[in-house]
Every structure is written in structure tokens, then in C-alpha cells.
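Derivation of every value follows stated rules applied to the coordinates shown; laboratory data play no part. These numbers come from a predicted model, not from an experiment. Cβ atoms come from the backbone with ideal geometry, glycine included; neighbour counts cover every protein chain shown.
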Amino acid sequence: AEDLGLDEYFDGDGVSVVEWAQFAEDELPDEFLAITFKRTDDESKRILTFDPRGQHFQQMVDQL
């Protein structure tokens, strides 16, 4: 997984979005914000669940 270069994305100044993160769990940083999208009966709507990992992201979610 080292050849994927994910650390360059995670250690940068921007935001990184990882779809199917369960396939790269060993490469994820210690602190991150997991966001889960769940389908609803209305195809145009989704339910989002925020799962903060670390104090910084917990504070962000608390402010929401």
C-alpha cells in the first residue's frame, strides 16, 4: 500500500476524500472524519452520519 502514495494526500494542507476507505484502513491517518451516506426511500435524498476520530474532528462535529 506504500506505493499508493496516500501519505502525500493525508499530510497535505487540503481535504482528502476516500471512497471505500475500509480497503485502505491501515493507511488512514490516526485522526479523521468518517462520513457515511445512507440511501433513503427518496432517491434524491441521503442521510449523512458523521463519525469523528480525534479531538479536532470532534470539535468540528460538535459545532455542526
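Values computed for the structure shown
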quantity	calculated
Cα→Cβ-extended label distance, 7 Å offset, between Thr40 and Glu8, nm	4.0 nm
Added length on full extension, which subtracts the Cα-Cα distance from 0.36 nm per residue, Leu33 to Asp62	9.2 nm
Cβ charges +1 (Lys, Arg) and -1 (Asp, Glu), total dipole of the chain, debye	580 debye
Karplus 3J(HN,Hα) series, Hz, for segment 28-33 with 6.51 cos²θ - 1.76 cosθ + 1.60 (x for Gly, Pro)	5, x, 5, 10, 6, 10
Among (i) 0.99; (ii) 0.96; (iii) 1.02, the entry derived from the coordinates for Rg/Rh (Cα atoms, Kirkwood Rh)	(iii)
